[in-house]
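The values are calculated or read from the model by the stated rules, or taken from the named source; none is laboratory data. From a predicted model like this one, the values you see are computed outputs, not experimental measurements. Here the Cβ positions follow ideal geometry from the backbone for every residue, glycine too, while neighbour counts run over all protein chains shown. Heavy atoms of the whole protein, side chains included, go into the accessibility calculation; ligands, DNA and RNA do not. Shrake-Rupley method; radii C 1.70, N 1.55, O 1.52, S 1.80 Å.
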Amino acid sequence: MNKFTVAASIAVALMSTTSVSAANLEVTHWWTSAGEAASIAEFARIFEEETGHTWVDSALAGSGTGANPVIISRIIGGDPMGATQMNTGRDAEELIQAGLMRDLTDIAEEMGIEDFYVDQTLLEPCTYEGRIYCFPINIHSWDWLWLSTAAYEEIGQPVPTNWNEYVESWPALEEAGILPFGLASGWPIDGVPGVLLAGVGGTDLVLAVNRDKSGDAVRGPEFREVAEALDQLRTVISPDMMVPSFGDVGNQLLAGEAAGNIHGDWLQGDLQIAGGVPGEDYECVPALGLNDQLSGGGDSFFFPVLPDGTDPEVLEAQTQLARILISPEGQLAFNLKKGSMPIRTDIDLEAANPCMQKALGLLGNGLLPAGESTLTSDTQQQLNDLTKEFIDDDSITVDDYVERYATLIENAS
């Protein structure tokens, strides 16, 4: 079946199930930056145009760190939303096991999900006892180094092509009064160790740490290089120069006020909204220019089980939204704005910008398991706390960091 036949069949399915009465469907998510808001608006637009229902947007501040507890609390407390975004990983596994998430297996089979999903491993965190309880809607990777063309023009150096060249440029940048590394306060630092793990440490180390949870691997020489890279990085991070959001860091890069940043591919959505052009205003370097694989996770949508007596129109609205999220039309519109890779293999991505094209080129090498996919929320939080403590307190040595990280990993479930 070609992509046009798939699109037509989905359109017919949507029209045939459109309710006579319109329903309001509350959707929670934490996409609040300019690029994120533009991307989620595409799903809302398609949902309302094709179904006649109303998307009730409930955006939550604070990314997953702040939003997840609110989402989980509402579902456990008997006040579920109609649909919710969460990370593709283990964040919702207890909700699934408790029977609080809707079984989407029938929809998945109807859509032929196994025929077009680009990486079947993404469905594993959504699967419990052979049934599917969420739909991954994209592939995100933290593994990107973003570099400012203007900053390197200012110091008369070519834009680096990898992490090592970037580190070598720091003295010249500091001499010119340019921040070597821009950073937003709060959660954006959380993803940096994982990027260094995949880039500096390499594929085997990622598998040993995230998949096998090997404390011995953390205590080995490859992880020490990762910790030393983070140690280098903290020397050029100034708490006084932190900005409120990752979108603000994007503005610093475009203005040449900061030379670089490690952040997920969703940053390009904000760079696009701000008018930045990849290859002209900024460069994007996947896997720090050191690896040919990306660690990948992304976002999934869950549909909580609604209380007895819920209007049938609302239940049908859930079904229709689930279809739209993984339809060719929804996937293309959303991911081109979001900056993430789509989960479908049967859509035309000629309109994708150069950064997404780089990511798609690496996708054939397979995705490495990101920590958010293999570690519980509790372990992730403990590692995030350790990273922030290490960045903020110079008295914590590399040895201290390595040993504490190893202990957390080997005790992870």
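For this structure, a couple of remarks:
- Checking residue 172 against (1) open to solvent by less than 60 Å² (accessible area, probe 1.4 Å); (2) not in a helix (DSSP H, G or I), the condition it does not meet: (2)
- Candidates in segment 14-37 are the residues that are more than 16 Å from the chain's Cα centre (by Cα), buried (at least 17 other Cβ atoms within 10 Å of the Cβ) and modelled with pLDDT under 95; of these, the one that is nearest to residue 264 (Cα to Cα) is 14.
- Qualifying position, being surrounded by 17 or more Cβ atoms within 10 Å (Cβ to Cβ), in a helix (DSSP H, G or I), of a type in the set (A, V, I, L, M) and modelled with pLDDT under 95, among 253, 233, 332, 288: 332
- Condition met for residue 61 (without any contact (Cβ under 8 Å) to a residue 40 or more places away in the chain, open to solvent by 50 Å² or more (accessible area, probe 1.4 Å) and closer than 25 Å to residue 36 by Cα): yes
- Members of segment 364-375 that are touching a helix residue (DSSP H, G or I) at 6+ places or on another chain (Cβ under 8 Å) and not hydrophobic (A, V, I, L, M, F, W, C): 369, 371, 372, 373, 374
Conditions (1) under 19 Å from residue 403 (Cβ atoms); (2) charged (D, E, K, R); (3) at pLDDT below 95, marked per residue:
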{"site": "187", "(1), (2), (3)": "no, no, yes"}
{"site": "193", "(1), (2), (3)": "yes, no, no"}
{"site": "197", "(1), (2), (3)": "yes, no, no"}
{"site": "205", "(1), (2), (3)": "yes, no, no"}
{"site": "213", "(1), (2), (3)": "yes, yes, no"}
{"site": "220", "(1), (2), (3)": "yes, no, no"}
{"site": "223", "(1), (2), (3)": "yes, no, no"}
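- Test: residue in segment 294-308 that is open to solvent by less than 30 Å² (accessible area, probe 1.4 Å) and in a helix (DSSP H, G or I): no
- Hits in segment 209-219 - residues which are buried (at least 21 other Cβ atoms within 10 Å of the Cβ) and either under 22 Å from the mean Cα position of the chain (by Cα) or not in a helix (DSSP H, G or I) (or both): 209, 210
- Residue tally, condition within 15 Å of residue 322 (Cα to Cα), touching a helix residue (DSSP H, G or I) at 6+ places or on another chain (Cβ under 8 Å) and surrounded by fewer than 19 Cβ atoms within 10 Å (Cβ to Cβ), over segment 88-111: 1
- Members of segment 335-362 that are part of a loop (DSSP other than H, G, I, E, B) and open to solvent by less than 20 Å² (accessible area, probe 1.4 Å): 339, 340, 342, 343, 352
- Long-range neighbours under 6 Å by Cβ, at least six apart or interchain, first residue more than 16 Å from residue 261 (Cα to Cα) within segment 169-184, second surrounded by fewer than 22 Cβ atoms within 10 Å (Cβ to Cβ): 172/155; 176/154; 176/155
- Of all residues making up segment 363-372, the number that are in contact with a strand residue (DSSP E or B) (Cβ under 7 Å, 6 or more places away or on another chain), part of a helix (DSSP H, G or I) and surrounded by 23 or more Cβ atoms within 10 Å (Cβ to Cβ): 1
- Some residue of segment 312-320 being open to solvent by less than 10 Å² (accessible area, probe 1.4 Å), assigned to a loop (DSSP other than H, G, I, E, B) and among the small types (Gly, Ala, Ser): no
- Criterion (of a type in the set (A, V, I, L, M, F, W, C) and within 24 Å of residue 272 (Cβ to Cβ)) met by exactly one of 359, 406: 359
- Qualifying residue in segment 133-141 (condition: modelled with pLDDT of 90 or more, within 25 Å of the chain's Cα centre (by Cα), surrounded by fewer than 22 Cβ atoms within 10 Å (Cβ to Cβ) and not polar (S, T, N, Q)): no
- Taken over segment 382-397, the residue count meeting the criterion of being touching a residue at least 24 places away in the same chain (Cβ under 8 Å), surrounded by fewer than 15 Cβ atoms within 10 Å (Cβ to Cβ) and in a helix (DSSP H, G or I) is 2.
- Scanning segment 185-204 for residues that are surrounded by fewer than 17 Cβ atoms within 10 Å (Cβ to Cβ), touching a residue at least 60 places away in the same chain (Cβ under 8 Å) and not in a helix (DSSP H, G or I) returns a single hit, 186.
- Picking from residues in segment 154-168 that are farther than 15 Å from residue 236 by Cβ and touching a Ser or Thr at 6+ places or on another chain (Cβ under 7 Å), the one that is surrounded by the fewest Cβ atoms within 10 Å (Cβ to Cβ) is 157.
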